[in-house]
Amino acid sequence: MQELRVLLYETPGDPYMNLAFEEAFARARGAGLVPDTLRIWRNDRAVVVGYFQLASEEVDLSEAARLGVPVVRRFTGGGAVYHDLGNVNYALAVGAPSSDPIDYAYGRLLRGALAALRRLGAEAEVENVNDIAVRGRKVSGAAATFRWGSCFIHGTLLVDADLGVLSRVLKPPPEKLRSKGVSEVKYRVANLSEILGRRISCREVVEALVEGFEELLGARAYLDVPTRMELEVARLLYRGKYSRPEWNLERFPHHAFASLEEQVASVLGQRT
């Protein structure tokens, strides 16, 4: 039976490092330096915007600053999301598929999160390609990328997040998005604890996610820690990109960090 490496590595008080590590282990998997890996982690209060978004258009930056909510940009697309310790995040990096990568990510890999929700007692379904809803309300969103030789998908699970702060720091969606046939569930979020009417522990969610992806991949999970190489790449990405306003607020693209790319490639043993 194949194995699934599981990381519970997180830096909740530093969302910039948390997102830098997401990219680091995706790159490591694509380079063939680590096996298929599931990471489960949390941020303290933060807003995470998608790669193609401008923070000023998605986030009330003055309110976020007033509340002390950092804004960080991820390397995958999709919409802005709010994180706090009541939100559990998962990320999966596997080898590049031979089939259509978008269908593989959202049509297949996303089923691991659905299986996890079933274990928690929630009958969930996918809407808008990458949203997961329970009883007509969104509890999870996902984003994927196929860069660097791996298939990478990560997502959120709203367990017991502060939806009041969420509504204050995220701007309402523009009407142009509503007119494109996007289901209203995208903007109608809820916590799993509220929907299921019971307290759900972080440990319970972690176990459900591990079992859900074990079932999906037909794999046996084992706990591991980050490699020195993954941590070194994460530190490079943190210093050179994720801690910088050019990346988080101004939406400089990947190619604007050419010298950083050379450093990362050197650590990974790749040619630029």
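Going by how many other Cβ atoms sit within 10 Å of their own, how do 102, 153 line up, fewest first?
Working: 102 14, 153 25.
By the 10 Å Cβ count, ascending, the order reads 102, 153.
Quick one: order 17, 229 by neighbouring beta-carbon count within 10 Å, fewest to most.
By the 10 Å Cβ count, ascending, the order reads 229, 17.
Once phi is turned into θ = phi - 60°, what whole-Hz ³J(HN,Hα) does the Karplus curve with 6.51, -1.76 and 1.60 give for every residue of segment 85-98, x standing for Gly and Pro?
6, x, 10, 9, 10, 10, 8, 10, 10, 10, x, 5, x, 8
Exposed loop trypsin sites (Lys or Arg not before Pro) only (DSSP loop, at most 15 other Cβ atoms within 10 Å): please give the longest stretch of the chain free of them, not including the sites.
1-134
Taking every DSSP beta bridge with both residues inside segment 2-268, roughly what % is antiparallel (nearest 5)?
Expressed as a percentage, antiparallel bridges in segment 2-268 total about 70.
Once you have the alpha carbon radius of gyration of the chain, what is it after dividing by 2.2 N^0.38 Å, with N set to its residue count?
0.95
Pick from 237, 249, 109: which residue has the top mean-square fluctuation in a GNM of the chain where Cα pairs under 10 Å get a spring?
Largest GNM mean-square fluctuation: 249.
Just subtract the alpha-carbon distance of residue 265 and residue 98 from 0.36 nm times their residue separation and send over the number in nm, one decimal.
Result: 57.7 nm gained on full extension.
Convert each backbone phi in segment 188-204 into a coupling constant with the Karplus relation 6.51 cos²θ - 1.76 cosθ + 1.60 (shift: θ = phi - 60°), then list the ³J(HN,Hα) values in order as whole Hz, x for Gly and Pro.
10, 8, 7, 7, 4, 4, 5, 5, 8, x, 7, 6, 10, 7, 4, 4, 4
Mind checking Rg over Rh on segment 186-241, alpha carbons, Kirkwood formula for Rh?
1.15
Determine, for each peptide in 86-94, 51-59, the mean count of other beta carbons within 10 angstrom over its residues, then list the peptides with the highest first.
86-94, 51-59
Taking every eigenvalue of the Cα gyration tensor of segment 62-219, multiplying by 5 and rooting it, what semi-axes result, largest first, whole Å?
The answer is 24, 20, 16 Å, longest axis first.
Which loop GluC sites (Glu not before Pro) in segment 208-272, with loop taken from DSSP, have no more than 16 other Cβ atoms within 10 angstrom of their Cβ?
250
What is the percent of Cα-Cα separations in segment 1-111 that go past 21 Å?
Result for the distance tail: 42 percent.
We did not get these values from a lab; they are worked out from the coordinates using the rules stated. As the structure is a prediction and not an experimental result, all values here were calculated from the model. Neighbour counts run over all protein chains shown; Cβ positions are idealised from the backbone, glycine included.
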